[in-house]
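Peer 1: Supplied in structure tokens, the structure appears directly below.
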Amino acid sequence: MYNYIIDHIPKGNKRPGTKLKPETITIHNTGNPTSTARNERGWLTNPYNTNPTSFHIAIDEREVVECIPLDEVAHHSGNKQGNLTSIGIEVCESGNQEKVWDNAVKLVAELLFDRGWGVDRVTTHQRWNGKNCPRLILPRWNEFIGDIEKELWKLNSIREQGVSEWAIEAWEWGKQKGITDGQRPKDFATREELVTMLYRMKEIK
């Protein structure tokens, strides 16, 4: 899993402050095999970077960094319509790419879940201007969408069980670790059940 960090850049040519009416989520790769999410954020405010290109979020094997509020326009698609209607996510090419993939899948699924969207709302940078981007994900695009769909189904299933949205991540963790059976999320726990859950936690390596 990842840490979600909000570190917005100041308003300027990369963050015009224009309100965004999001309809899609656009996936990019950074094109830099050594850059982390924090590096990508730092480049946006580097005085040598005069290019107006920007993005909303960068994600790597450990962190998500939100650089521009998700209700404001970022210049990420190379296309006016894309900029005005889409949330841009830069997926880092550095680090353990399996972890980066898993983090990107979870992030996109959570963004879709929060907005009541389906995977049809996820698109590529290539769609907007023809660029070979996201270059590492494009050859496996159908697999990427399939993994997002599975994660989204899981989130929707948990909500249908009556789990509060603020508890979904912890609830799913508890099920995966065998601490809880995933039933009766709103019920009180007996002392027997509480001790049993604590005992199971002790066994986690």
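The values are calculated or read from the model by the stated rules, or taken from the named source; none is laboratory data. Computed from a predicted structure; not experimentally measured. Cβ sites come from the backbone with ideal geometry, for glycine too, and all protein chains shown count toward neighbours. Areas reflect the complete protein model, heavy atoms only, side chains present, ligands, DNA and RNA absent. Shrake-Rupley method; radii C 1.70, N 1.55, O 1.52, S 1.80 Å.
Peer 1: Quickly run through the range 13-38 and pick out the residues that are small (G, A, S) and open to solvent by less than 30 Å² (accessible area, probe 1.4 Å). If you could, list the steps in order and put the result at the bottom.
Peer 2: First pass over the range 13-38, keeping only residues small (G, A, S): 17, 31, 35, 37.
Within the range 13-38, G17, S35, A37 qualify.
Peer 1: Let me ask something else about it. Taking R140 as the residue in question, decide whether it is open to solvent by 40 Å² or more (accessible area, probe 1.4 Å), in contact with a strand residue (DSSP E or B) (Cβ under 9 Å, 6 or more places away or on another chain) and modelled with pLDDT of 95 or more.
Peer 2: In short, no.
Peer 1: For the range 41-59, does any single residue satisfy the condition of being closer than 18 Å to P134 by Cα, open to solvent by less than 10 Å² (accessible area, probe 1.4 Å) and touching a Ser or Thr at 6+ places or on another chain (Cβ under 8 Å)?
Peer 2: Yes, the range 41-59 has at least one match.
Peer 1: Of all residues in the range 3-12, which are modelled with pLDDT of 95 or more and either open to solvent by 70 Å² or more (accessible area, probe 1.4 Å) or assigned to a loop (DSSP other than H, G, I, E, B) (or both)?
Peer 2: Y4, I6, D7, H8, I9, P10, K11, G12
Peer 1: Can you tell me how many residues within the range 98-152 are over 15 Å from the mean Cα position of the chain (by Cα), in contact (Cβ under 8 Å) with a residue 24 or more places away in the chain and assigned to a helix (DSSP H, G or I)?
Peer 2: Adding up the residues that qualify gives 4.
Peer 1: Can I ask one more? Would you tally the residues in the range 76-97 being assigned to a strand (DSSP E or B) and either open to solvent by 20 Å² or more (accessible area, probe 1.4 Å) or within 17 Å of L44 (Cβ to Cβ) (or both)? Before the answer, list the steps.
Peer 2: Our first condition is that a residue be assigned to a strand (DSSP E or B); within the range 76-97, this holds for 86-91.
Checking which are either open to solvent by 20 Å² or more (accessible area, probe 1.4 Å) or within 17 Å of L44 (Cβ to Cβ) (or both) leaves us with 87-91.
So the answer is 5.
Peer 1: Let me ask something additional. Take the range 60-75 and flag every residue that is in a loop (DSSP other than H, G, I, E, B), open to solvent by less than 20 Å² (accessible area, probe 1.4 Å) and either touching a helix residue (DSSP H, G or I) at 6+ places or on another chain (Cβ under 8 Å) or closer than 22 Å to R140 by Cβ (or both).
Peer 2: D60, C67, V73, A74
Peer 1: A further question on this structure: Among T45, T36, T50, T85, which is the only one that is in contact (Cβ under 8 Å) with a residue 60 or more places away in the chain and of a type in the set (V, I, T)? Explain how you work it out, then say what you get.
Peer 2: On the way: T45 fails: in contact (Cβ under 8 Å) with a residue 60 or more places away in the chain; T36 fails: in contact (Cβ under 8 Å) with a residue 60 or more places away in the chain; T50 fails: in contact (Cβ under 8 Å) with a residue 60 or more places away in the chain.
Selected residue: T85, the only one of T45, T36, T50, T85 that is in contact (Cβ under 8 Å) with a residue 60 or more places away in the chain and of a type in the set (V, I, T).
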